[in-house]
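Okay, structure first, notes after.
The values are calculated or read from the model by the stated rules, or taken from the named source; none is laboratory data. Here the structure is a predicted model, which is why all the values come from computation and not from measurement. Ligands, DNA and RNA are excluded from the accessible area calculation, which covers all protein heavy atoms including side chains. Shrake-Rupley method; radii C 1.70, N 1.55, O 1.52, S 1.80 Å.
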Amino acid sequence: MQIWQFFNRLKHANFTFVFSQIVALGISASVLLHSTNANAAEQVVLKYGNFQGVVSVKELNQFVETGKTTPALKAYLQAAQQNP
């Protein structure tokens, strides 16, 4: 009995409007959930005041894991007056 009342309400309401909203929601959800690709950066841009330099992610990983800086990264840190 309740389902018939629901359908009767839909008849009185603007059914096409409700249906189009549901379809739009379904399409949006499928587009958003379908993407499985992941993009990763290969370089990072360091900005500090007027200073700007590009460092590779590999160099940053090496710095994080070992604490050793490459000559380019060391020069950027010195130019920015930062202690590694």
When the accessible area of region 21-84 is split by element with a 1.4 Å probe, what percent falls to carbon and sulfur?
55
Accessible area per residue of region 43-84 at 1.4 Å probe, in Å²?
78
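Volume per residue, Å³, of the convex hull around the alpha-carbon atoms of region 19-69?
It comes to 137 Å³ per residue, whole-number rounded.
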